[in-house]
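Structure, as structure tokens:
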Amino acid sequence: MPLTAVNDFVIRFANVNGSGSASANEMFARAIMRMGIPMSPRNVFPSNIQGLPTWYEVRVTEAGHLGARGGTDIMVAMNPQTYNADVAAVEPDGYLIYDSTRAMPPGKPRTDIHLIGIPLTAICNKEYSDPRQRQLFKNIICIGALAALLDMDITELEKLVGEQYRTKEKLIQPNIHALHLGHAYAKANFKCPIGLRLQRSDKVGDRILIEGNAAAALGAVYGGATVCAWYPITPSSSVAENFTKFCGKHRHDPATGEARYAIVQAEDEIASIGMVVGAAWNGARAFTATSGPGISLMQELFGFAYFAEIPSVIIDVQRAGPSTGMPTRTQQCDLINCAYASHGDTKHILLLPEDAAEAFEFTAGAFDYADRLQTPVFVLLDLDIGMNHRLCRPLQWDDARRYDRGKVMTAADLEAGKDFGRYTDVDGDAIPFRTYPGTHPTKGGYFTRGTSHDARARYSEEGVDYVEGMQRLLRKHDTAKGILPRPLRRDADKPTRFGVIYYGSTAPAMHEAAEILTARGHTLDLMRVRAFPFHQDVASFVSDHDFVFVVEQNRDAQLRSLIVNELDIDPVRLVPILHYDGTSITARFISGAISDRLDALKVTPLRKAMS
Amino acid sequence: MTYLAKPKFHHPSLPKNALGYTRRDYEAATSTLCAGCGHDSISAAIIEAAFEMAIEPHRVAKISGIGCSSKTPTYFLGASHGFNSVHGRMPSVLTGANLANRDLIYLGISGDGDSASIGFGQFAHALRRGVNMTYIVENNGVYGLTKGQFSATADRGSKSKKGVVNTDNAIDLVAMALQLGATFVARSFSGDKRQLVPIIKAALAHRGAAFIDVISPCIAFNNHPGSTKSLDYVRAHNEAVNALDIMIGREAITVDYEPGEVVEVTQHDGSVLTLRKLNEDYDASDRVAAMNFLQQEAAKGRIVTGLLYVDGDADDLHRHFNTVATPLNQLNEPELCPGSKALDKINAGLR
Ligand SMILES: Cc1ncc(C[n+]2csc(CCOP(=O)(O)OP(=O)(O)O)c2C)c(N)n1
Ligand code: SF4
Ligand SMILES: [Mg+2]
């Protein structure tokens, strides 16, 4: 029996990079969204395999599960190089769509899946003589055929073609023609639809489809960033590239055309963070975007900015480490390196957005937090959020919102006789006042240094001055806990001894896993942590449960370590659930792993075991 | 060591500049460097230059790396904002600061270790970007602060205090700066105040990347007979190409030397550099000639000093970026935030 389902399947396109498949695939995904059906696309692009194969996966999910599901129900196998592996990856009773123009590459044929051969090359060659057209339209013909096979509304595809080529009208008709070529072939040669199909729905609502990196870049524009310094690195480059694009549109003086921003592609990450620190010291909102290797290089200046109290924003789009690791694969592996970045006793602010909408909000907010707290703020995205389009609630901005520039003493303040001590805690919140350089001819000047200093920014090697400063920095982190995004707690209907803590891109898979576990009779309370240092609620959540699973995407249970370390919690009570093979974490994995542990834990409840 | 404030005692007869400030207003804490250190003479020259130019001290941002040289911003322009950054990273910090507020004067102070070793990359890139700044390397050929190791500017064959001979080739930062596109390149000597002060003034008035290599003997570790950066060696091998006068503003220039020996360079802000040529073939507006001359003289064992190259029409990074005239750090929500309507449009395009 072939797989049958409505609005609930995973289709994967195996392509050759640069063959024009990306825009065709994206159009396919968007058409599903336009039919009101939630879906979640993901790019898979290894960085080091010859011939540059890429995969594009679309999870169609009426239920709105946007995490990766795992497995492939329909494989569109267009890359001869990966063909055998792709065939092997199809779920039993799933479908394989391939180009039947030439004989299939040798390999063990599968009898447990359904083959749909479409002579794409032949159709193309008959229709087009230009080799470039043949290549490009092949992808469109394929999408047209899929529309018939899956019962997709072809008018949605036609509309998307029209939108895509709004400025190149000559291309609209040929593309629509190509869609219909594929559509007609499939209709004529196969029973349409197949078992897996689409049906118009209303589950998308007003949601938008956007990459986390683009959303973060928009957050930087809305948050008032004027200086961006960066060095290219996957998967973060598109943050700076999008910032450049959005600034080009929204940040030029309408009268003069002059730029209200400066973007430097620096010589390396050390220079990037140096520029950010220099600009922020001088009163501009500045940020850099990087990934793990860049974070490693920036360490010395993170410590400087922490100790000299300079606001700076770092967007870290995490990828699998250590070292070059798996540069095009996702992980949540930089938490500890960012939280305690640099030598000596340091601690930094981390923001942990779950999706593009939060990437926008947290990045815009990061500039307020950095200015308010006068310290580096890390926005931790990862490849899964950053480089994939994801459905999320529309981005929102309150026009009444004002930037919080923090405690800045002005020339008027100084003139009025306000006492200025750069590192003096005047308000009891451990946050001192600063001045922007050049504020006042005789007052407000101070020396910024990474050597130890007293409360008035004077060089001092006196132990008391040093300890006082270091203690104040700790107290400043306590202040931060009340300012940063709070953890979100979602309790089960019934009381339970078990809780789960998770964060970032794990969220959609975790929510789906919770449904699966509930269906299996397991009740769990959930808490999504959104910032470091941890709010008091995190400690309460742990103390409310016997065991708390900490679900994350790294080998060493980094968030768990931070919780144990910062909240002084007995590690036995925090059960690590770890997924770190570089693929996106799935609900199948989480629910399986938690079920197993629950079964084991239920044998000896903690309270009994300890009594 | 603690911060030592000098008593600010203003004698009524102290000379005042156009702003009514005395030299004292450009001084700062007492130096803690070794008595006789060349770096202190450079600090004195900076104080003199800023005083003579009547620069408002608080409009100067003095930024440095790490080293004895990089400590010196504590010892001049006490009313300026100072930033003692990390080793080798002054250029990037200065670049960022400059982007944030184009209206301040940026003075970068570095050492030969700071700029030719750990910070060689940042030195190069800040110059090639044309950051509007005065970049001074206080060059003693050693790591003073870490007690006398060779630096990358130490000449091949020169001997350390411990008797070790340097077998590595030396980096000539002036040659590098010329190649990298700095639009003002000069070399001077900490002991030659008459040459150094006008060069610093001219560099401060220059729009674009101004680089000055100041040979600055380290009394503690590099002032012995085997050193090519010792006081005596530099005095004996100094080859000055020109003598420099600078006029800020366009007042009448009075020259009291033969017209045939004088070249004038007008800069963006109207300042006029008057170069009295000491060397007849020297043309400070020709980058290629400057590079050749430098190499030829180096081969003869001579250290060329003076203003080696200046481009009066130079551009800077802000020009390249076409940034607004208002400093970026003064822009607010109305100029920076596109607002909710624009966001609604963006949202609509993403459905
Ligand atoms: C990352 C780092 N490495 C090493 C040092 C140690 N260090 C301090 S100053 C210095 C050399 C300074 O030499 P230079 O810039 O020539 O300054 P000078 O003291 O000679 O004026 C070194 C290696 C440091 N501060 N930071
Ligand atoms: S060690 Fe050398 S460079 Fe450092 S202060 Fe002493 S003389 Fe100057
Ligand atoms: Mg030195």
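The values are calculated or read from the model by the stated rules, or taken from the named source; none is laboratory data. Bear in mind that the values here come from a model prediction, so they are computed numbers and not experimental data. Note that each Cβ is placed from the backbone with ideal geometry, even for glycine, and that neighbours are counted across all protein chains shown. Please note that ligands, DNA and RNA were not included when accessible areas were found on the heavy atoms of the full protein model with its side chains. Shrake-Rupley method; radii C 1.70, N 1.55, O 1.52, S 1.80 Å.
Side notes on the structure shown:
- Among residues of region B:302-326, those that are facing another protein chain (nearest Cβ under 8 Å), assigned to a loop (DSSP other than H, G, I, E, B) and surrounded by 14 or more Cβ atoms within 10 Å (Cβ to Cβ), counted: 1
- Criterion violated by residue A:500 - all others in (1) open to solvent by 30 Å² or more (accessible area, probe 1.4 Å); (2) away from every other protein chain (no Cβ under 14 Å) satisfied: (1)
- Test for residue B:174: is it more than 16 Å from ligand 2 (Cβ to nearest atom) and either within 14 Å of chain A (Cβ to nearest Cβ) or surrounded by fewer than 15 Cβ atoms within 10 Å (Cβ to Cβ) (or both): no
- Residue B:107 vs. criteria more than 19 Å from residue B:39 (Cα to Cα), within 13 Å of chain A (Cβ to nearest Cβ) and away from ligand 2 (no atom under 16 Å from the Cβ): no
- Within this structure, residue B:182 fails the test of being open to solvent by less than 10 Å² (accessible area, probe 1.4 Å), assigned to a helix (DSSP H, G or I) and more than 16 Å from ligand 3 (Cβ to nearest atom).
- Just so you know, in region B:119-133 the residues that are open to solvent by 10 Å² or more (accessible area, probe 1.4 Å) and without any contact (Cβ under 8 Å) to a residue 40 or more places away in the chain include one that is farthest from residue A:275 (Cα to Cα), and it is B:121.
- Filter result for residue B:136 (open to solvent by 10 Å² or more (accessible area, probe 1.4 Å), in contact (Cβ under 8 Å) with a residue 60 or more places away in the chain and either within 16 Å of ligand 3 (Cβ to nearest atom) or part of a strand (DSSP E or B) (or both)): no
- Residue check, residue B:172 among the acidic types (Asp, Glu), more than 17 Å from the chain's Cα centre (by Cα) and farther than 22 Å from residue B:245 by Cβ: no
- Region A:439-467 - residue that is open to solvent by 60 Å² or more (accessible area, probe 1.4 Å) and farther than 17 Å from residue A:347 by Cβ and, of those, nearest to the other protein chains (Cβ to nearest Cβ): A:458
- When region A:265-299 is limited to residues that are part of a loop (DSSP other than H, G, I, E, B) and touching a Ser or Thr at 6+ places or on another chain (Cβ under 8 Å), the one that is farthest from the other protein chains (Cβ to nearest Cβ) turns out to be A:291.
- Per the conditions (1) modelled with pLDDT under 95; (2) more than 16 Å from ligand 3 (Cβ to nearest atom); (3) open to solvent by less than 40 Å² (accessible area, probe 1.4 Å), the sole criterion not satisfied by residue B:148 is (2).
Results for (1) within 20 Å of residue B:52 (Cα to Cα); (2) within 14 Å of chain A (Cβ to nearest Cβ); (3) within 16 Å of ligand 3 (Cβ to nearest atom); (4) of a type outside the set (Gly, Ala, Ser), shown as yes or no for each residue.
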position	(1), (2), (3), (4)
B:166	no, no, yes, yes
B:222	no, no, yes, yes
B:227	no, no, yes, no
B:230	no, no, yes, no
B:243	yes, no, no, no
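- Options A:207, A:200, A:166; residue that is surrounded by fewer than 21 Cβ atoms within 10 Å (Cβ to Cβ), within 33 Å of the chain's Cα centre (by Cα) and more than 12 Å from chain B (Cβ to nearest Cβ): A:200
- Candidates A:258, A:267, A:241, filtered to the one that is more than 28 Å from residue A:439 (Cα to Cα), open to solvent by 10 Å² or more (accessible area, probe 1.4 Å) and touching a His at 6+ places or on another chain (Cβ under 9 Å): A:267
- Residue match in region B:62-79 (condition: away from ligand 3 (no atom under 16 Å from the Cβ), facing another protein chain (nearest Cβ under 8 Å) and over 22 Å from residue B:139 (Cα atoms)): yes
- Only a single criterion out of (1) at pLDDT 95 or above; (2) in contact with a His (Cβ under 9 Å, 6 or more places away or on another chain); (3) away from ligand 2 (no atom under 16 Å from the Cβ) is not satisfied by residue B:65, namely (3).
- Residues that are without any contact (Cβ under 8 Å) to a residue 24 or more places away in the chain and exposed (fewer than 15 other Cβ atoms within 10 Å of the Cβ) number at least 3 in the following helices (runs of 4 or more DSSP H) confined to region A:513-611: A:587-603, A:606-610.
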